[in-house]
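Structure, as structure tokens:
The values are calculated or read from the model by the stated rules, or taken from the named source; none is laboratory data. Keep in mind that this is a model prediction, so the values were computed, not measured. Reconstructed Cβ throughout: ideal geometry from the backbone, glycine too, with neighbour counts over all protein chains shown. Side chains are part of the model used for accessible areas, which takes the heavy atoms of the whole protein and leaves out ligands, DNA and RNA. Shrake-Rupley method; radii C 1.70, N 1.55, O 1.52, S 1.80 Å.
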Amino acid sequence: MRVAGEVVAETDHALTLQESTYPPVQYVPRSDVIADRLRPSDTETYCPFKGEASYYDVVTEGGATVEDAVWTYEKPYPAVGGIAGHVAFYPDKADVVVA
């Protein structure tokens, strides 16, 4: 994943989650993200299928900040429990490349 042209995550272990008619979402293990690029955001949302989501801003080495570029479900509902410990990047805020 690239944000503002900078690689902030690389993985061979993303989980793909397909919901209804939405495009598939790649959930990347948090361990495959450059941790110091993530800054917790105050944004929180609720999904009736996954639970409470929290968000992160991405701060690049060059100092660019992309607000709420990443979300995660720390304690997802059991039906999607596999996404715990993973984050997802908004495709309009990051270049998400699936190989």
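Summing +1 for each Lys or Arg and -1 for each Asp or Glu, what net charge is found among the other residues whose Cβ lies under 11 Å from the Cβ of S54? Before the final figure, lay out the partial values.
Details: positive: K75; negative: D42, E44, E52, D68, E74.
With Lys, Arg at +1 and Asp, Glu at -1, the net is -4.
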Simple spin-label estimate for D92 and A64 in nanometres, 7 Å along Cα-Cβ: 1.7 nm
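Which loop-located chymotrypsin sites (Phe, Trp or Tyr not before Pro) does the stretch 4-79 contain, where loop means any DSSP state but H, G, I, E or B and the Cβ has at most 16 other Cβ atoms within 10 Å? Before the final figure, lay out the partial values.
Values: sites: Y27, Y46, F49, Y55, Y56, W71, Y73; in loops: F49, Y73.
Answer by residue number: F49.
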Selected from V70, V87, V25 as most flexible by GNM, with the chain as the system and alpha-carbon contacts under 10 Å: V25
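Could you put K93, K75, K50 in order of accessible surface area, largest first, with the 1.4 Å probe and the full protein assembly present? List each step's numbers first, then the result.
Working: K93 75, K75 175, K50 15 Å².
Greatest to least solvent exposure: K75, K93, K50.
Counting heavy atoms of the protein chains only and a 1.4 Å probe, report the per residue accessible area for the stretch 2-93 as a whole number of Å². The partial results should precede the final answer.
Details: 5450 Å² over 92 residues.
Here the per-residue accessible area is 59 Å².
Counting other Cβ atoms within 10 Å, which GluC sites (Glu not before Pro) in the chain have at most 13 and lie in a DSSP loop?
Working: sites: E6, E10, E19, E44, E52, E61, E67, E74; in loops: E10, E19, E61, E74.
Sites meeting the loop and neighbour criteria: E10, E19, E61, E74.
Please list the three semi-axes, largest first and in whole Å, of the ellipsoid equivalent to the chain, using sqrt of 5 times the eigenvalues of its alpha carbon gyration tensor. Working shown, then result.
Values: eigenvalues 89, 45, 29 Å².
Three semi-axes, in Å: 21, 15, 12.
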Heavy-atom accessible surface of the chain: percent carbon and sulfur, 1.4 Å: 53 percent
